[in-house]
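First up is the structure itself, then whatever we jot down about it.
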Amino acid sequence: MNASQKERVLIKGNEAVAFGAVDAGCRCYFGYPITPQNEIPEALSVLLPENGGAFVQAESEVAASNMLLGAAACGIPAMTSSSGCGISLMQEAISYMAGSHVPGVIVNMQRGGPGLGDIGPSQGDYFQAVKGGGHGDHRNLVLAPATAQECYDLMFRAFALAFKYANPVMVLGDAIVGQIKEPVRREPPKDALRPEAVMALAKDWRLEGYGGRGEGAAPRLLKSVYLAEGALAGRNRLLMEKYAAMRAECAFEQTDTNDAELIVVAFGSIARIARSAIRRLRADGRKLGLFRPVTLYPFPAEALRALAPGRRFLVMEQNTGQMVEDVLLALNGAAAVSWHGVMPGLFIGADDLTEPILRALKEKKQ
Amino acid sequence: MIRVSDSADALRPQPGECLAFDVNPVLNERPTHYCPGCHHGIAHRLVSEALHELGVARRAILVASVGCATFTYDYFNVDGLEAPHGRACAVATGVRRARPDAVVFTYQGDGDMAAIGLAESLHAANRGEKITTIFINNTVYGMTGGQMAPTTLVGQKTTTTCQGRSLSNEGGPVRLAEIMAQLDGVAYAARCALDSVKHVRAAKRAMRKAFEVQLDGLGFGFVELLSGCPTNWHLDPVAANRRIAEAMIPVFPLGVFKDATTTAPADAGQAKEAPRG
Ligand SMILES: Cc1ncc(C[n+]2csc(CCOP(=O)(O)OP(=O)(O)O)c2C)c(N)n1
Ligand code: SF4
Ligand SMILES: [Mg+2]
């Protein structure tokens with residue numbers, strides 16, 4: 001990386017995803033256009049060929065995600081991106097990636113739904129992302145950026161985690177995160193693995209032609225079908241163990257939680273808007289804090305539970321009520337939880353959140 | 001109609017051929033799960049001979065499809081990957097783009113490639129992906145029990161067309177080799193049959209060509225193989241071979257529909273004479 005890359009550049013979250021991906025070692029991109037994420041393929045159509053990689057505009061999201069399955073099975077850092085109905089079309093391949101232990105990275109810049117919905121911001125794909133999304137039992141690691149800088153930084157973590165666990169990783173942004181233009185420092189995060197180290201994680205399973213492993217090497221096979229009696233049960237137990245191990249990857253951010261009576265739980269762009277509202281209300285002496293999960297799967301349940309004694313929680317999300325279920329499960333009755341939903345597609349400001357926060361504070365005092 | 005004398009003639013070794021059965025290291029010794037008389041076994045043998053003779057098995061990656069040949073990777077000594085039903089050409093695209101030095105091939109049934117995966121197949125071909133595709137046309141969905149395939153003949157009875165396929169309700173059989181030949185990215189498109197020694201010999205030459213165009217970077221290589229499914233045709237293997245000759249070949253003419261090594265692009269789509277047996 002040269003010196004000029006260390007300067008801050010004014011770019012959109014989507015472009016930050018593209019820069020982050022290339023700097024993290026991504027060498028293949030497959031995608032199909034859909035708003036609000038088009039800057040990702042547009043930027044990568046230039047960046048990847050410049051860096052010795054491949055860019056393919058696929059004929060559909062079905063094809064794009066299956067191309068990703070093929071490239072990632074070769075142990076090459078590869079990704080796709082989409083939104084809304086396009087992500088639905090990718091669920092087949094995502095399930096196969098999970099079942100075959102293949103490390104695809106999928107970026108979802110959520111738009112309003114269901115159906116064709118609109119192109120405004122939404123967090124309506126939370127369930128689809130964190131509960132699996134495709135057929136059969138599977139889980140994706142899910143990372144939720146809130147800023148353009150985090151779009152850049154989290155791409156490093158996305159590839160490292162995908163290769164560490166040989167599992168699909170979804171980066172779950174939204175129309176605001178993808179479209180917001182802000183200064184981004186194009187410099188790998190301090191703890192980032194180098195691309196060679198990421199690729200080395202694949203040396204025991206990647207497909208390359210057996211000759212690549214020396215004469216007489218045994219052929220390799222990546223598959224998800226297990227028809228023999230009991231074989232699939234064993235496979236699912238193995239996946240369960242993997243999902244349990246992923247719990248070590250929980251990441252979150254907490255702000256002003258020490259003295260807080262009420263903690264707002266929010267992710268992505270809504271967390272950012274809530275933070276502005278909280279800052280204003282704290283200036284008026286209200287004891288408010290923010291808990292922002294960065295990994296949505298695994299959900300940082302233990303960290304949230306540790307905050308429970310003597311506090312109350314308000315879940316704010318841009319959907320009709322999804323993450324609130326994981327918060328309720330995490331707290332398991334240890335604290336009261338209320339919920340405020342912003343309808344998908346709406347563009348809101350901090351003003352829109354102060355009233356619901358004050359209401360939740362009052363409920364507490366009753 | 002195959003006469004016994006034809007077959008006997010054809011069995012005589014051709015120059016460079018040896019009639020003694022040799023072990024091909026690209027295929028392992030596991031007994032296959034295919035039904036007696038099924039042509040998947042012959043098709044596997046042809047693919048393995050092409051890989052062996054071209055010396056590329058060590059860098060080959062097989063993308064398996066969903067159908068009776070899902071488990072094809074159990075028999076080939078090469079790296080392999082399972083694709084969802086119909087998506088093999090998309091998966092192979094990803095493999096080839098990620099590993100430009102690999103020799104990549106898909107092995108797909110007619111339901112897989114010409115129905116659910118038609119879009120992925122045509123677009124991979126149109127992009128000129130440097131992959132080779134083996135297309136098994138047996139006019140039925142074998143694995144799921146003999147339902148109608150896009151290649152089912154008009155009048156053919158299947159478990160979902162019990163009165164026979166009708167042109168007015170189900171449309172006619174899809175002729176994929178001819179369609180492939182129309183696409184700029186396709187370097188080789190041929191249709192062969194596995195019903196007789198003569199036709200198998202021609203198929204072997206076509207198979208090799210379909211890999212050579214990939215190795216030479218010319219584009220997409222495609223071989224359609226008219227294959228028997230005695231089980232779902234409710235015929236014994238000999239009668240199944242006869243059905244290929246008498247009912248299938250008239251609808252699916254054999255031949256090389258495109259060969260970029262010999263044909264100027266302007267002639268694309270013109271059927272050439274069948275590879276001679
Ligand atoms: C998405 C999806 N739909 C349906 C199936 C069920 N299925 C398995 S094999 C098959 C048909 C295969 O037929 P063909 O491709 O002609 O191969 P053959 O068995 O005849 O060799 C179907 C429909 C599936 N596995 N996946
Ligand atoms: S069902 Fe048909 S295609 Fe499948 S193995 Fe049996 S004969 Fe072959
Ligand atoms: Mg079939």
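Details
- Screening B:Gly55, B:Gly37 for residues that are more than 12 Å from ligand 2 (Cβ to nearest atom), of a type outside the set (S, T, N, Q) and either surrounded by 17 or more Cβ atoms within 10 Å (Cβ to Cβ) or more than 9 Å from every other protein chain (Cβ to nearest Cβ) (or both) leaves exactly one candidate, B:Gly55.
- A:Val337 vs. criteria in contact (Cβ under 8 Å) with a residue 12 or more places away in the chain, closer than 20 Å to A:Ala144 by Cβ and assigned to a strand (DSSP E or B): yes
- Residues that are under 23 Å from B:Gly145 (Cβ atoms) and in contact with a Phe, Trp or Tyr (Cβ under 6 Å, 6 or more places away or on another chain) occur in region B:56-65; there is at least one.
- Looking only at region B:16-31, and only at residues there that are surrounded by fewer than 16 Cβ atoms within 10 Å (Cβ to Cβ) and touching a residue at least 12 places away in the same chain (Cβ under 8 Å), the one that is farthest from ligand 1 (Cβ to nearest atom): B:Pro25
Every residue, every condition in (1) under 26 Å from B:Gly55 (Cα atoms); (2) touching a Cys at 6+ places or on another chain (Cβ under 8 Å); (3) modelled with pLDDT under 95; (4) open to solvent by 60 Å² or more (accessible area, probe 1.4 Å), yes or no:
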{"position": "B:Arg201", "(1), (2), (3), (4)": "yes, no, no, no"}
{"position": "B:Ala206", "(1), (2), (3), (4)": "yes, yes, no, no"}
{"position": "B:Lys209", "(1), (2), (3), (4)": "yes, no, no, no"}
{"position": "B:Phe220", "(1), (2), (3), (4)": "yes, no, no, no"}
{"position": "B:Leu225", "(1), (2), (3), (4)": "yes, yes, no, no"}
{"position": "B:Thr231", "(1), (2), (3), (4)": "no, yes, no, yes"}
{"position": "B:Asp236", "(1), (2), (3), (4)": "no, no, no, yes"}
{"position": "B:Ala239", "(1), (2), (3), (4)": "no, no, no, no"}
{"position": "B:Phe252", "(1), (2), (3), (4)": "no, no, no, no"}
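- Here A:Arg275, A:Arg311, A:Arg280 are screened, and the one residue that is of a type in the set (Lys, Arg) and touching a helix residue (DSSP H, G or I) at 6+ places or on another chain (Cβ under 8 Å) is A:Arg280.
- Filter result (touching a helix residue (DSSP H, G or I) at 6+ places or on another chain (Cβ under 7 Å), more than 8 Å from ligand 2 (Cβ to nearest atom) and open to solvent by less than 30 Å² (accessible area, probe 1.4 Å)) within region B:40-51: B:His44, B:Leu46, B:Val47, B:Ala50, B:Leu51
- Qualifying residue in region A:210-228 (condition: open to solvent by 60 Å² or more (accessible area, probe 1.4 Å), away from every other protein chain (no Cβ under 14 Å) and farther than 21 Å from A:Pro293 by Cα): no
- Complete set of residues in region B:58-73 that are within 13 Å of ligand 2 (Cβ to nearest atom) and either open to solvent by 10 Å² or more (accessible area, probe 1.4 Å) or among the polar types (S, T, N, Q) (or both): B:Ser65, B:Val66, B:Gly67, B:Cys68, B:Thr70, B:Phe71, B:Thr72
- Considering residues of region B:69-84 that are more than 7 Å from chain A (Cβ to nearest Cβ) and in contact with a strand residue (DSSP E or B) (Cβ under 8 Å, 6 or more places away or on another chain) only, the residue nearest to A:Ala217 (Cα to Cα): B:Phe76
- Yes/no for B:Gln182 being open to solvent by 40 Å² or more (accessible area, probe 1.4 Å) and touching a Gly at 6+ places or on another chain (Cβ under 6 Å): yes
- Residue satisfying all of: in region B:105-119; open to solvent by 10 Å² or more (accessible area, probe 1.4 Å) and within 12 Å of another protein chain (Cβ to nearest Cβ); farthest from ligand 3 (Cβ to nearest atom) among these: B:Ala119
- Residues that are of a type in the set (Ser, Thr, Tyr) and within 16 Å of ligand 2 (Cβ to nearest atom) within region B:93-117 comprise just one, B:Tyr107.
- When A:Cys85 is tested against (1) in a helix (DSSP H, G or I); (2) within 12 Å of another protein chain (Cβ to nearest Cβ); (3) under 30 Å from A:Asn236 (Cβ atoms); (4) open to solvent by 10 Å² or more (accessible area, probe 1.4 Å), only condition (2) is not met.
- Any hit, region B:125-138, residues being under 17 Å from B:Cys38 (Cα atoms), within 9 Å of ligand 3 (Cβ to nearest atom) and among the aromatic types (Phe, Trp, Tyr): no
- Residue in region B:116-130 that is more than 14 Å from the chain's Cα centre (by Cα) and assigned to a strand (DSSP E or B) present: no
- Matching residues in region A:234-250 - criterion: being open to solvent by less than 30 Å² (accessible area, probe 1.4 Å), hydrophobic (A, V, I, L, M, F, W, C) and out of contact with any Pro (no Cβ under 7 Å at 6 or more places or on another chain): A:Leu239
Listed here are the residues, each with its yes/no results for (1) within 24 Å of the chain's Cα centre (by Cα); (2) modelled with pLDDT under 95; (3) surrounded by fewer than 21 Cβ atoms within 10 Å (Cβ to Cβ).
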{"residue": "A:Thr255", "(1), (2), (3)": "yes, no, yes"}
{"residue": "A:Phe267", "(1), (2), (3)": "yes, no, no"}
{"residue": "A:Arg282", "(1), (2), (3)": "no, no, yes"}
{"residue": "A:Glu317", "(1), (2), (3)": "yes, no, no"}
{"residue": "A:Gly333", "(1), (2), (3)": "no, no, yes"}
{"residue": "A:His340", "(1), (2), (3)": "yes, no, no"}
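- For region B:144-155, a tally of residues being in a loop (DSSP other than H, G, I, E, B), in contact with a Ser or Thr (Cβ under 7 Å, 6 or more places away or on another chain) and within 14 Å of ligand 2 (Cβ to nearest atom) returns 5.
- Residue count, region B:234-250 (criterion: under 20 Å from the mean Cα position of the chain (by Cα), hydrophobic (A, V, I, L, M, F, W, C) and either on the phi > 0 side of the Ramachandran plot or not in a helix (DSSP H, G or I) (or both)): 1
- Scan of region B:122-164 for residues that are more than 9 Å from ligand 1 (Cβ to nearest atom), within 14 Å of chain A (Cβ to nearest Cβ) and open to solvent by 50 Å² or more (accessible area, probe 1.4 Å), ordered by number: B:His123, B:Asn126, B:Arg127, B:Lys130
- Residue list for region A:66-82, filter: more than 7 Å from chain B (Cβ to nearest Cβ) and within 18 Å of the chain's Cα centre (by Cα): A:Ala72, A:Pro77, A:Met79, A:Thr80, A:Ser81, A:Ser82
- The residues of region A:13-60 that are part of a helix (DSSP H, G or I), within 14 Å of chain B (Cβ to nearest Cβ) and open to solvent by less than 30 Å² (accessible area, probe 1.4 Å), listed by number, are A:Leu44, A:Leu48.
- Among residues of region B:85-104, those that are at the interface with chain A (Cβ under 7 Å from one of its Cβ atoms) and either open to solvent by less than 10 Å² (accessible area, probe 1.4 Å) or assigned to a strand (DSSP E or B) (or both), counted: 7
The values are calculated or read from the model by the stated rules, or taken from the named source; none is laboratory data. As the structure is a computational prediction, the values presented were derived from the model and not from experiment. Don't worry about glycine lacking a Cβ; one is built from the backbone with ideal geometry, like all the others, and counts go over all protein chains shown. The protein model used for the area step is the full one, side chains on, heavy atoms only, and it has no ligands, DNA or RNA in it. Shrake-Rupley method; radii C 1.70, N 1.55, O 1.52, S 1.80 Å.
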